[in-house]
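See below for the structure under consideration.
The values are calculated or read from the model by the stated rules, or taken from the named source; none is laboratory data. For clarity, every value in this text was computed on a predicted model and none was experimentally measured. Accessible surface areas use protein heavy atoms only, side chains included; no ligands, DNA or RNA. Shrake-Rupley method; radii C 1.70, N 1.55, O 1.52, S 1.80 Å.
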Amino acid sequence: MNDEKLMDLADLFKQFGDQTRLRIMMECQREEEISVGDLSERLGMTASAVSHQLAVLKSGKLLKSRREGKQVFYSLADDHVRTIIAMGVEHIEEE
């Protein structure tokens, strides 16, 4: 693997290294789609703080969005993200 690919992989894992972003991804995993307002309410954070983290996750290709009128709904980008989360949970729960 070349240095550029290694950098991309490191950047991917950095996304998973933040507790707030993980909480957002876990909420997105539980729901088919979720709005910024619902996320901020569930996480006890301001909509602005949630929106900032959503932008980071979207730019990292971990989330996707869909606009409906003025509302934007977020979901996991694909099954790869769901699998990474599931494998991480399985790994930390091993004895």
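Rg and Dmax over the alpha-carbon atoms of the chain stand at 14.0, 47 Å. For the chain, with all protein chains present and a 1.4 Å probe, just round the carbon and sulfur fraction of the accessible area to a whole percent. Exposed carbon and sulfur together represent 50 percent of the surface. As a length-normalised measure over Cα pairs under 8 Å and 6 or more apart, the relative contact order of the chain settles at 25 percent.
Under 5 Å between amide hydrogens, built in the peptide plane, is the criterion, and for V72 it picks out V36 among residues at least 5 positions away or on other chains.
With angles folded into 0 to 90 degrees, how steeply does helix 3-16 sit against the dominant principal axis of the chain? Use alpha carbons for both and round to 10. The answer is roughly 50 degrees.
Count the lysine pairs in the chain whose Cα atoms lie under 21 Å apart, taking only pairs 8 or more positions apart in sequence or on different chains.
Details: K5/K14; K5/K58; K5/K61; K14/K58; K14/K61; K14/K64; K58/K70.
For the chain, qualifying lysine pairs total 7.
Hydrodynamic estimate: the Kirkwood radius of the range 19-67 over Cα pairs, inserted into Stokes-Einstein at 37 °C and 0.692 mPa s, corresponds to D of 309 µm²/s.
Could you give the accessible area per residue of the chain, probe 1.4 Å, as a whole number in Å²? Could you put the intermediate results ahead of the total?
On the way: 6690 Å² over 95 residues.
Here the residues of the chain average 70 Å² of exposed surface.
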